Amino acid sequence: MLVSRSGYYDWKERRCQPGKREVENIHLRARIRQEFTRSRQTYGSPRLTRQGWPYLVAVLDVFSRRVVGWAMSPILDAPLASAALCMALSQRRPAAKLILHSDRGTQFASAAYRQLLAQHGLIASMSRPGNCYDNAFIESFWSSLKYELVYHQRFATYAQARTAIFDYLEAFYNRTRLHSSLAYLSPINFESQLN
């Protein structure tokens with residue numbers, strides 16, 4: 001294919017200068033490299049093209065399998081665990097000496113979380129080191145959440161993840177999902193039959 005001499009030199013000059021999209025790609029690559037370095041070179045593309053990993057803490061009523069408190073945050077810390085506990089306390093208003101079981105995470109061992117337990121007269125119970133059976137109920141819940149929601153969707157933003165988690169917990173899991181351990185009733189239906 002023949003082109004004019006001036007057309008060729010015009011093309012060659014434009015080719016040497018990056019276009020708008022190429023400039024954006026240069027900035028994006030620099031940001032990706034920075035985030036990859038910050039993650040100690042462990043994050044792959046799913047974690048670097050999205051807003052990050054949200055953490056979820058849930059409080060489960062073992063009797064009815066109902067999620068009575070939950071909170072999400074981009075940071076797994078004591079305020080997150082405390083927020084989930086506060087939701088559970090406001091929904092249930094438990095009597096003193098209720099046993100609240102958790103794993104040995106620092107968020108549950110923190111002074112702030114333990115102080116909240118003490119304020120409400122709750123007794124802290126923690127898993128034995130390395131014993132997965134101590135947390136069988138909540139681990140079963142996490143498995144259900146992953147298989148029934150998380151593995152079926154990709155969340156581009158924190159807000160999308162929060163909306164989907166809210167819908168799963170409040171509209172489906174507590175109200176609709178059938179539990180074999182509850183004679184195939186949902187947690188709320190199981191509780192309503194006891195009243």
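The values are calculated or read from the model by the stated rules, or taken from the named source; none is laboratory data. Note that this is a predicted model, so its numbers are computed, not measured. All Cβ positions, glycine included, derive from the backbone under ideal geometry; neighbour counts span all protein chains shown.
Annotation: residue 53 fulfils all but one of (1) out of contact with any Gly (no Cβ under 8 Å at 6 or more places or on another chain); (2) closer than 27 Å to residue 179 by Cα; the unmet one is (2).
Identification of helices (runs of 4 or more DSSP H) wholly contained in the stretch 100-182 with 1 or more residues that are β-branched (Val, Ile, Thr), in contact (Cβ under 8 Å) with a residue 40 or more places away in the chain and out of contact with any helix residue (DSSP H, G or I) (no Cβ under 6 Å at 6 or more places or on another chain) yields 136-148, 158-166. Within the stretch 160-183, being among the hydroxyl-bearing types (Ser, Thr, Tyr) and either farther than 16 Å from residue 140 by Cβ or modelled with pLDDT under 95 (or both) holds for 163, 176, 180, 181. Residues satisfying the criterion are absent from the stretch 152-166 (criterion: in the same structural domain as residue 189 (by TED's automatic domain parsing), under 16 Å from residue 65 (Cα atoms) and in contact with a strand residue (DSSP E or B) (Cβ under 6 Å, 6 or more places away or on another chain)).
Conditions tested, residue by residue: (1) farther than 15 Å from residue 59 by Cβ; (2) of a type in the set (D, E, K, R); (3) surrounded by 14 or more Cβ atoms within 10 Å (Cβ to Cβ); (4) not assigned by TED's automatic domain parsing to the domain that holds residue 165.
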site: 74; (1), (2), (3), (4): yes, no, no, no
site: 84; (1), (2), (3), (4): no, no, yes, no
site: 90; (1), (2), (3), (4): no, no, no, no
site: 102; (1), (2), (3), (4): no, no, yes, no
site: 105; (1), (2), (3), (4): no, no, yes, no
site: 115; (1), (2), (3), (4): yes, no, no, no
site: 119; (1), (2), (3), (4): yes, no, no, no
site: 133; (1), (2), (3), (4): yes, no, no, no
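The sole residue among 122, 145, 149 that is on the phi < 0 side of the Ramachandran plot, touching a strand residue (DSSP E or B) at 6+ places or on another chain (Cβ under 6 Å) and among the hydrophobic types (A, V, I, L, M, F, W, C) is 122. Filtering the stretch 72-99 to residues that are outside any helix (DSSP H, G or I) and either under 22 Å from residue 136 (Cβ atoms) or touching a Lys or Arg at 6+ places or on another chain (Cβ under 7 Å) (or both) leaves 72, 76, 94, 98, 99.
Do you know which of the residues in the stretch 35-52 that are among the small types (Gly, Ala, Ser) and at pLDDT below 70 is farthest from residue 159 (Cα to Cα)? Among those residues, the one meeting the criterion is 44.
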